[in-house]
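Since the structure comes first, as structure tokens, the remarks are kept for the end.
The values are calculated or read from the model by the stated rules, or taken from the named source; none is laboratory data. What you see is a predicted model; the values in this text were computed from it and never measured. Please note: Cβ atoms are built from the backbone with ideal geometry, for glycine as well, and neighbour counts cover all protein chains shown. When the accessible area is computed, the model is the full protein with side chains, heavy atoms only, and any ligands, DNA or RNA have been set aside. Shrake-Rupley method; radii C 1.70, N 1.55, O 1.52, S 1.80 Å.
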Amino acid sequence: MAGTGYFTSVEDVTAKLADTGYLASAAVATTVFLADALGKPLLIEGPAGVGKTELAKAVAQASGSRLVRLQCYEGVDESRALYEWNHAKQLLRITAGKDETWDEARNDIFGEEFLLARPLLTAIKGDEPTVLLIDETDKADVEIEGLLLEVLGDFQITVPELGTITAGRKPFVVLTSNATRELSEALRRRCLFLHIDFPDAALEQRIVRLKVPGVDDALAASVVKVITALRAMELRKAPSVAETLDWARTLLALGADSLGEDVVRASLGVILKHQDDVVKADARLELGKVLDS
């Protein structure tokens, strides 16, 4: 099965993602293009809040595709990922046809009308352009990886009562992971790999200016310098790009057009979410040196 054919070149990826508000680095744009051209799932790893999920959303928007999302969590199983039968509706059907034999009823109640498609089956069944986002894969139990291997290997799902359902149009698949546990080598082999880390200062300033239009260049530069300094500390949770944007919006709401000691320390709770991190930053952040660097 060929690739999805959403993009014509790396430059096309960069331009179309930018139109959605996602500023892609050369590495990101290249890997997205290759995943599209080769028809391979894209596994994206990196710290929380660096834009992994947003990249999948941007690809869907840029390609005019619907987004189907499987949110992984501990205990997610086949009935939540693949499909389950609508037992209440089946029972009503059996009750309504009480004069039928079991064989007659069985042939009816295990039809597609009684099937509840979950994200994986929904993405496989559809004929329209689709981006399938399997989010936070590392939070799911190891057993779910076997299911993903079957689905991502052949892009087909077997429902014993109905047979094998094969994708007529292959979805663009994105798996994300915060690397809280190691994913299997078998699953990794199925995918192209992309690591997204915190952006460099220049790119993060561009993101701030794009996403928070009221922030001028000088304030955006100051915000990014402070965020970069905080990330260099050994914190329990380093500030993400999402928190950088939240802080920029906070400064606008406070009417701050520059960063001073008082406004920074009063708003640390916007970017740091653990008290020991706040205490550490309050003690170690040398604002004057950071802003002069």
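What residue among E45, E136, E234 shows peak mean-square fluctuation when the chain is described by a Gaussian network model with Cα springs under 10 Å? Greatest mean-square fluctuation among the candidates belongs to E234.
Rounded to the nearest 20, the Cβ-based charge dipole of the chain about its Cα centre (Lys and Arg +1, Asp and Glu -1) stands at 480 debye.
Principal-axis analysis of the Cα atoms of the chain puts helix 201-211 at an angle of about 70° to the longest axis.
Within the stretch 1-133, the proportion of Cα pairs with more than 24 Å between them is 46 percent. Which FRET efficiency value, to the nearest 0.05, do you get for V279 and D217 by plugging their Cβ-Cβ distance into 1/(1 + (r/R0)^6) with R0 = 35 Å? That gives a FRET efficiency of 0.65. Based on Cα contacts under 8 Å between residues 6+ apart, the chain shows a relative contact order of 21 percent. The trypsin sites (Lys or Arg not before Pro) of the stretch 158-226 that meet both conditions, a loop assignment by DSSP and at most 13 other Cβ atoms within 10 Å of the site Cβ, are R181.
What's the FRET efficiency of A242 with A88 using the Cβ-Cβ distance as r and R₀ = 35 Å, to the nearest 0.05? Using R0 = 35 Å, I get an efficiency of 0.30. For a quick check, take a GNM of the chain with Cα springs below 10 Å and name the residue from P47, P213, P199 with the largest mean-square fluctuation. Maximum fluctuation in the GNM of the chain, among the listed residues, is at P213.
Were the residues from E182 through L162 laid out at 0.36 nm apart, the gain over their Cα-Cα distance would be 3.7 nm.
In terms of its Cα atoms, the stretch 201-292 spans 32, 24, 23 Å along the principal axes, sorted from long to short. Across q = 0.11, 0.15 Å⁻¹, the chain modelled as identical point scatterers on its alpha-carbon atoms has Debye log10 I(q)/I(0) values of -0.76, -1.11, in the order of the q list.
Largest GNM mean-square fluctuation across L268, L254, L147, computed for the chain with C-alpha springs under 10 Å, falls on L254.
Over the stretch 128-270, the hull volume per residue, using the convex hull of the C-alpha atoms, is 171 Å³. In order along the stretch 65-71, phi translates into HN-Hα couplings of 9, 6, 9, 10, 10, 9, 8 Hz, rounded to whole numbers, per the Karplus curve 6.51 cos²θ - 1.76 cosθ + 1.60 with θ = phi - 60° and x for Gly and Pro. The trypsin sites (Lys or Arg not before Pro) of the stretch 228-270 include none that DSSP puts in a loop with a beta carbon having at most 10 other beta carbons within 10 Å.
When the helices of the chain are scored as -39500 (n - 2.57) per DSSP H run of n ≥ 4 and the total is divided over every residue, the value at 222 nm lands at -14500 deg cm²/dmol.
DSSP beta bridges fully contained in the chain are about 30 percent antiparallel. Measuring between alpha carbons in the structure, the pairs from K170/K273; K57/K125; K139/K280 lying more than 32 angstrom apart are K170/K273. With R₀ set to 30 Å, the beta-carbon distance separating L192 from S79 gives a calculated FRET efficiency near 0.55. Accessible area of C191 (1.4 Å probe, protein heavy atoms only, ligands and nucleic acids ignored): about 20 Å².
Working note: Karplus 6.51/-1.76/1.60 with θ = phi - 60° gives the stretch 21-29 the couplings x, 9, 8, 8, 6, 4, 5, 5, 4 Hz, where Gly and Pro are set to x.
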